[in-house]
Amino acid sequence: MSALVELDRLGKVYSTRTGDVTALSEVTLRIEDGEFVAVVGPSGCGKTTLLKILANLEQHTSGVGILGNNELGANRSDDVGMVFQKATLLPWLDILSNVLLPVTLKRRASAADKENAMDLLRMVGLGEFATKRPHELSGGMQQRAAICRALVHEPSLLLMDEPFGALDAMTRDVLNVEVNRIWRDTHKTAVLITHSIPEAVFLAQRVIVMSPRPGRIVDEITVPFGPERTLELMGTPEFGSLCAQIRRHFEVSAA
């Protein structure tokens, strides 16, 4: 496999009125094309900062970052799709128009674009809701639409920042199964930021564990389960053992 993302000693320092704050330090990471990686760590450890750097929404201050054949921070990339903590759908547009937004901000949507968007909506079970407004959908359905919006322009890298944190546990479980299916169907490279260790283990092929600020990678754990995941997996001893292994990092840091 070839690497889609390569980070070498990446760092990020914010300048504030009271002095510099180091958010990330010496982050070295390689993400293979088609891989699903989850990043976990305590609040304030720089997880979201790392995601924003990958999305070219922020620039790193040291080290090197490569996405595809381009250096991170050099230019805004159209090769990234982002799913935020909230669906952030525009309330005056219908769901199809919201999904098409990354396309229509650049050019007029073609018939092929609209069909692609409808295919994505059908893939996540929202085909019949294309003409509805966001307020007519549940929170989980809105996040499904947000995932479609992130995928509509065919990015190589899908970034997800705590996309299901505000949802109830049952809806979250259903959407985790859905994300696993979407990843298998689309073969996208995916990076998930989450505070939920079980969610990270359930979805990812590899879990990256970060330290408290300044964020550094303290462990990389390969998840030994196959690509297809079902909720029954979460009840197995192997799943629980892996979650406990990751959780011990935070028990030590909190001691």
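The values are calculated or read from the model by the stated rules, or taken from the named source; none is laboratory data. What you see is a predicted model; the values in this text were computed from it and never measured. Positions of Cβ are generated from backbone atoms using ideal geometry, with glycine treated the same way; all protein chains shown enter the neighbour counts.
Just checking, does segment 79-97 include any residue being over 18 Å from Val191 (Cα atoms), within 21 Å of the chain's Cα centre (by Cα) and surrounded by fewer than 16 Cβ atoms within 10 Å (Cβ to Cβ)? Checked segment 79-97: at least one residue is over 18 Å from Val191 (Cα atoms), within 21 Å of the chain's Cα centre (by Cα) and surrounded by fewer than 16 Cβ atoms within 10 Å (Cβ to Cβ).
With respect to (1) in contact with a helix residue (DSSP H, G or I) (Cβ under 6 Å, 6 or more places away or on another chain); (2) part of a helix (DSSP H, G or I), the lone exception for Arg144 is condition (1).
Residue under question is Ala109, and the condition is that it be in a helix (DSSP H, G or I) and either out of contact with any Phe, Trp or Tyr (no Cβ under 8 Å at 6 or more places or on another chain) or over 16 Å from Trp183 (Cα atoms) (or both); does it hold?
Numbers: in a helix (DSSP H, G or I): no; either out of contact with any Phe, Trp or Tyr (no Cβ under 8 Å at 6 or more places or on another chain) or over 16 Å from Trp183 (Cα atoms) (or both): yes.
Criteria not met by Ala109.
Counting only strands (runs of 3 or more DSSP E) that fall entirely inside segment 2-79 and contain at least 2 residues that are without any contact (Cβ under 8 Å) to a residue 60 or more places away in the chain and basic (Lys, Arg), the qualifying elements are 3-16. Going through segment 119-158 one residue at a time, which ones are free of Cβ contacts under 8 Å to residues at least 40 places away in the same chain, surrounded by 15 or more Cβ atoms within 10 Å (Cβ to Cβ) and within 22 Å of the chain's Cα centre (by Cα)? The answer is Leu120, Leu121, Leu126, Gly140, Met141, Arg144. Selection within segment 163-191: residues that are in a loop (DSSP other than H, G, I, E, B) and at pLDDT 90 or above. The member of this set that is surrounded by the most Cβ atoms within 10 Å (Cβ to Cβ) is Lys188. Taken over segment 147-162, the criterion of being part of a loop (DSSP other than H, G, I, E, B) and of a type in the set (Gly, Ala, Ser) is satisfied by Ser156 alone. When you look at Arg229, is it surrounded by fewer than 19 Cβ atoms within 10 Å (Cβ to Cβ) and in the same structural domain as Val37 (by TED's automatic domain parsing), yes or no? No: the conditions fail for Arg229. Using the structure shown, decide if Leu105 is closer than 19 Å to Pro155 by Cβ, surrounded by 13 or more Cβ atoms within 10 Å (Cβ to Cβ) and hydrophobic (A, V, I, L, M, F, W, C). Against the criterion (closer than 19 Å to Pro155 by Cβ, surrounded by 13 or more Cβ atoms within 10 Å (Cβ to Cβ) and hydrophobic (A, V, I, L, M, F, W, C)), Leu105 does not qualify.
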